[in-house]
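> Below is one structure. I have some questions about it.
A short reminder: the numbers here are calculations on the coordinates, not readings from a lab. Bear in mind the structure is a predicted one, so any value in this text is a computation, not a measurement. We place every Cβ from the backbone using ideal geometry, glycine too, and count neighbours over all the protein chains shown.
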Amino acid sequence: MSFAISKGYQIHPDAFAMLKGLDIDILKVVQDIVKMKIKHKESSSIVVEDIKNLINPEGKVADVNSFSNTLLNVPTAIADATFSSGQHSYKVILDPTPGINSGEGVRGYTALFRSRFEKSLRILALRPDSKRITKITSLKHKSNNAKLRKTYDMNTDANTNSSVIAGLLMSKRSKKNGLEMVIDDYSGMLSVLAVSEELKKQASMLALDQMIMVEVDNINKKGMQGFVVRNLVSPDIPDHLPNRSKSESYAVLISDLHVGSRYFQEVEFLRFLNWLSLTDDEIVSKIKFVCVGGDLIDGIGIFPNQEKELIEMDTSKQMSHVVDLFAKIPRHINVFVIPGNHDPGRRALPQPALPRDHSNKLYSFENFTMLGNPSLVELDGVKILMYHGQSLDDIIATTPGLSYSKPAEAMKILLKARHLSPIYGERTPIGPELEDMMVITEVPDILHSGHVHSIDVQNYRGTLIVNSGAWQAQTKYQQTMGIVPTPGIAIVVNLANLQPFQMDFNQPNPM
C-alpha cells in the first residue's frame with residue numbers, strides 16, 4: 001500500500017481485501033499495476049478488475065502458488081514494505097498521508113491532545129520513576145485530606161513525601177519566588193513552582209504543550225506555599241547506538257529550493273545536479289539516496305507582497321520547473337520528497353504528500369517516493385526522520401538563547417520533547433487530527449529538517465541532527481528578521497558510520 005500511495009494511487013477496499021486473501025507477492029502485483037496505469041494513463045484507483053487482469057489476463061486459472069507474500073505488517077500509519085536494489089534497500093516506516101483524518105473544532109483538538117498525552121505517557125512509562133505517577137486530582141485530594149505540608153529543604157535529596165505527576169505543560173510564568181508552571185493530565189490541572197536556579201533554567205528550555213514528568217513537594221512555609229518542583233523530566237530520547245548500513249552508502253540531505261523565487265540559486269542547484277551525474281567521482285558513486293525536506297517551490301500568497309519576489313507567478317509553472325530539475329537526478333538514486341509550508345496542498349501539520357494534480361510527473365518517476373510531512377524512512381538500515389521544520393520558528397521565538405543561526409539546538413528541544421511541533425496557537429498551524437502523528441514514537445538515527453535556511457549539524461545522544469540549509473539567497477524578509485542563510489550547500493551522510501560532510505556548490509568546483 002505504501003508503494004501505491006507514494007505514487008499517488010489509492011487501493012479500493014475490495015481490491016485490498018482481495019490482495020490480502022491471495023497467497024501472492026502483493027508488492028510485485030501493485031508495482032506492476034501502477035506501471036501499467038502510468039503507461040496507459042489510466043485512473044489513479046486500483047480496483048478488483050486491475051488485479052484480475054494482471055494475475056489472470058486471459059481468463060486462465062493463475063498459478064498463485066508461484067508467488068509468496070513479502071509485505072511487512074508493522075504498526076504505522078501505512079502498511080510498510082522493503083524495496084531493494086542490489087545491495088541497497090529502503091523502507092517507508094511512517095507516512096501520515098493515509099492516516100490524516102481531521103476532526104472538527106473543539107472535539108477534534110480534544111482528541112488530538114488526548115492522543116498526544118497518551119502516546120507521550122507510554123514513552124515516559126519506560127522510565128523507572130513513572131511507576132510513581134499520580135493523577136493530579138488524586139494528589140490534590142491527598143493533599144487536602146492528609147495535610148501533608150512540611151518545611152521545604154532545598155538541600156534534601158531523599159524525600160519520601162514527594163509525589164510524581166505527568167501532564168502537558170500548559171503555561172510558564174516568572175514570579176518573584178520562582179518560575180510557575182501549570183500541568184494538565186486530563187484529571188485536572190496543577191500549578192507547580194520551580195525555585196532553584198538549575199530547575200528554573202531547565203523549565204525555561206521546555207516547550208509549551210509538551211509532555212513532562214514532575215516530582216513535587218507539597219510545602220507550607222512562610223512566603224512559599226503549594227507544590228514545589230524537586231525534579232523535571234522530559235520524555236527525551238535515550239542514549240543509544242544508532243543503526244548503520246552494512247555497506248558504505250551515502251545519503252544526500254537537501255531542502256528549501258524555493259523554485260519560482262527570484263532568489264532561487266538555480267546555477268548552484270544545477271551544479272549539484274550535474275555533480276550527481278558524474279560517473280568517475282568517488283563520493284558520487286556511493287550516493288544511493290537523496291532526501292528532500294520540503295519547500296520545493298516558493299508558492300503563491302505565502303507572505304505579504306510575495307509577488308514582488310517571484311519570477312514565476314503560477315504554482316503549476318513553479319512545480320513544472322521543479323520536475324525539469326529533478327528529472328536530471330540519475331535513476332539509480334532513490335529520492336524521497338516531503339512537502340513544506342510553501343508547497344501546494346494543506347498547510348496544517350501533519351501534511352499529506354504533495355497533491356498529485358500539482359506533482360503528477362514527480363509521481364511517475366520510478367525512483368521517487370512522495371511522502372507526507374513528517375515521515376520516517378529506513379535507508380540501508382538507517383532510520384531518517386524527515387520533517388520540514390515549521391515549528392522551529394515557535395521554538396526559537398519562545399526559548400531563551402536560541403537563534404536561527406543554530407537550528408540544531410532548537411531541533412534538540414524537539415527530540416527532548418519527543419514531539420515535532422509541541423506548541424499550539426503560535427505561528428505553526430496544527431490540524432485537529434484524531435491521532436497526534438507529530439509525536440516521535442521511534443528514536444531516529446538521523447533527524448533531518450530545513451525551513452530556517454541555515455546549515456547546522458549536531459549529534460545528540462546518538463541521533464545525528466541535520467538542518468540542510470537552502471538553495472535560496474537571502475530575501476528581503478530575511479534581512480528584516482536578521483536571518484543570514486547558508487544556501488547552496490548539500491549535506492552528505494555516510495550511512496556506514498553516520499559521518500556527515502558538506503559539499504559547497506557556491507563555487508564551480510564543489511568541495
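> Hey, if you drop one equal point scatterer on each alpha-carbon of segment 105-233 and run the Debye formula without solvent, what base-10 log of I(q)/I(0) do you get at q = 0.14, 0.18 Å⁻¹?
Log-scaled intensity ratios, in q order: -0.61, -1.00.
> Sorted from largest down, give the three principal axis spans of the alpha carbons of segment 410-511, whole angstrom values.
Principal extents (Cα only, largest first): 49, 40, 19 Å.
> What helices does the chain have that are whole DSSP H segments, at least 24 Å long along their own axis by Cα, and with mean Kyte-Doolittle hydropathy of -0.5 or more?
105-124
> To continue, here is another question. For segment 250-504, what size does the Cα cloud have along each of its three principal axes, sorted from largest down, in whole Å?
48, 44, 36
> Loop-only GluC sites (Glu not before Pro) in segment 253-354, please: DSSP not H, G, I, E or B, and at most 14 other Cβ atoms within 10 Å. It would help to have the intermediate numbers written out before the result.
On the way: sites: GLU266, GLU268, GLU282, GLU307, GLU309, GLU312; in loops: GLU282, GLU312.
The qualifying sites are GLU282.
> A further question follows. What's the longest bit of the chain with no exposed trypsin sites (Lys or Arg not before Pro), using DSSP loop states and at most 12 other Cβ atoms within 10 Å as the test? All intermediate terms of the calculation are to be shown ahead of the outcome.
On the way: sites that count: LYS41, LYS60, LYS147, LYS176, LYS222, LYS246, ARG331, ARG427.
Maximal segment without exposed cleavage sites: 332-426.
> Moving on. If the chain between ARG127 and ASN144 were fully stretched, how many nm would it gain, using 0.36 nm times the residue separation less the Cα-Cα distance? Numbers along the way, then the final one.
Numbers: separation 17, 0.36 × 17 = 6.12 nm, distance 2.86 nm.
Extra length from ARG127 to ASN144 when fully extended: 3.3 nm.
> While we're here: Report the FRET efficiency, 1/(1 + (r/R0)^6), for LYS361 and ARG262, where r is their Cβ-Cβ distance and R0 is 25 Å, rounded to 0.05.
Values: r = 24 Å, r/R0 = 0.96.
Approximately 0.55, to the nearest 0.05.
> Roughly speaking, what % of Cα-Cα pairs in segment 217-329 are separated by over 20 Å, rounded to a whole number? Write out the running numbers ahead of the final one.
Working: 3964 of 6328 pairs.
Above the 20 Å cut-off, segment 217-329 has 63 percent of its Cα pairs.
> Once fully extended, how much extra length lies between ASN506 and VAL323, figured as 0.36 nm per residue of separation less the alpha-carbon to alpha-carbon distance?
Numbers: separation 183, 0.36 × 183 = 65.88 nm, distance 2.23 nm.
Going from the current span to full extension adds 63.6 nm.
> Starting from the exponent 0.38 and prefactor 2.2 Å, build the expected Rg for the chain from its residue count and divide its actual Cα Rg by it. Could the numbers behind the result be given before it?
Working: Rg = 25.2 Å, N = 511, 2.2 N^0.38 = 23.5 Å.
Computed over Cα atoms of the chain, the ratio equals 1.07.
> Which one, SER403, ALA207, ALA194, is farthest towards the positive end of the dipole of the chain when Lys and Arg carry +1 and Asp and Glu -1 on their Cβ?
Highest projection toward the positive end goes to ALA194.
> On to the next question. Applying 1/(1 + (r/R0)^6) with R0 = 30 Å to the Cβ-Cβ distance of LEU278 and LEU434, what FRET efficiency is obtained, to the nearest 0.05? Intermediate values should be presented prior to the final figure.
Numbers: r = 47 Å, r/R0 = 1.58.
E between LEU278 and LEU434, to the nearest 0.05, is 0.05.
> Shifting gears a bit: So, in nm, how far is label TYR477 from label ARG244 when the simple model puts each one 7 Å beyond its Cα toward the Cβ?
A separation of 4.1 nm, rounded to one decimal place.
> On to the next question. Can you give the helix-only mean residue ellipticity at 222 nm for the chain, where every DSSP H stretch with n ≥ 4 adds -39500 (n - 2.57) and the sum goes over all residues, rounded to the nearest 500 deg cm²/dmol?
Details: 13 runs with 132 residues, N = 511.
The helix-only estimate for the chain comes to -7500 deg cm²/dmol at 222 nm.
> Grab the Cα-Cα distance for SER196 and LYS308, subtract it from 0.36 nm times how many residues apart they are, and report the gain in nm with one decimal.
The span from SER196 to LYS308 would gain 35.2 nm if fully extended.
> Just want to confirm a number: the relative contact order over the chain, from Cα pairs under 8 angstrom separated by 6+ residues, in percent.
Working: 1107 pairs, mean separation 82.3, N = 511.
Once divided by the residue count of the chain, the mean separation gives 16 percent.
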